[in-house]
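A quick write-up on the structure given underneath.
No value in this document is a laboratory result; all are computed from the given coordinates. Just so it is clear, the model here is predicted, and its values are computed rather than measured. Cβ atoms come from the backbone with ideal geometry, glycine included; neighbour counts cover every protein chain shown.
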Amino acid sequence: MVVPCLAALVIAAAQLPAPVPGVAAPPSEPAGAARADTDPVPVPAAEQRLGDNGDIIVAAPTRKVIGNRVRAATGPVSQNVPIARFQAPVCVAVGGLPGRVSGEIAQRMLEDADVAGISLAGERCRPNTMVLFVDDAHAEVARMAKSNHRALLGVGFRARRALLKSAGPAFAWRLTEVRTRDGETSLPGDGPPTFHVASASRIVQPVRQDVVTAVLIVERKAVVGKTSRQLADYAALRLFAGARELPGGGLESMLTLFGSSAEPPAQLTAFDRGYLRGLYTGAANAFAFSQRGRMAGAIARENEAGAPATP
């Protein structure tokens, strides 16, 4: 199993040097396959026009605008395999920051998972979702790749290369496994994986893609000025949903936390909440275009509902 390597990472985090002074709140992120080689395209947030009385009227983003932003966040996906999501209960571990801050990040991530409909493992569980803060994120990932660290087992050559080419300061990846729609693993034997499938359908796929583990490594100096809520929400999107970072200028999202000079949102936005909820709604073996459609619909409903009250 790959999972024990996460516990090893947690132990290693406890031995790291003290965090950078001035950290307002911890970072976040194990998730999402290594970033794609192509950069997402910015999308206009909403249409604006001038009203008869001179007021600026901002229209809600159209489904096309939302759909483009969803595709930018998911990146290129294969229609032969559904978008990956957690099926097993999630267990979160955070290391490399003061205990109180790490605890706040982990607790907020679990709250995000619960709201999205993801099962939680409970106390004394074995971590399958790991967020680690280090002094030099790129050097740490390069070291792990060179030593063929267990946390990277199962990450293909192209994904590793894309990961190492990333500029940082956050590096995320997920290990996934293709299973039947009922969760059965492939049959033993050499060659491509084969499965026993009870029936075929044109509406859904006979297989699903389960996330086994998710890892996020963040550079400590990048979290200065960020709150634990922002870091946790960012990590939840990268790890639970496999979302890619987004540039600023489009629909407001926590996925711009490290990639935009604009002021980041304080917590999950309507786009972020709908993205998470939409992914975890419906059958896990749905076609990718169907999953994207559910996500876009959930985002539109979140926009209509408005922002939730901040506790």
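Values computed for the structure shown
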| quantity | calculated |
| --- | --- |
| Largest to smallest principal axis extent of the C-alpha atoms in segment 219-311, angstrom | 40, 27, 26 |
| Cα centroid separation, segment 164-178 to segment 266-283 (Å) | 21 Å |
| Charge sum, other residues only, whose C-beta stays under 12 Å from residue 138's C-beta, Lys/Arg counted +1 and Asp/Glu -1 | -2 |
| Trypsin sites (Lys or Arg not before Pro) restricted to DSSP loop in segment 55-124 with at most 10 other C-beta within 10 Å | 124 |
| Sparsely packed trypsin sites (Lys or Arg not before Pro) within segment 128-186, loop by DSSP, other Cβ within 10 Å at most 12 | none |
| Hydrodynamic radius by Kirkwood, which averages 1/r over all alpha carbon pairs of segment 78-140, in angstrom | 13.3 Å |
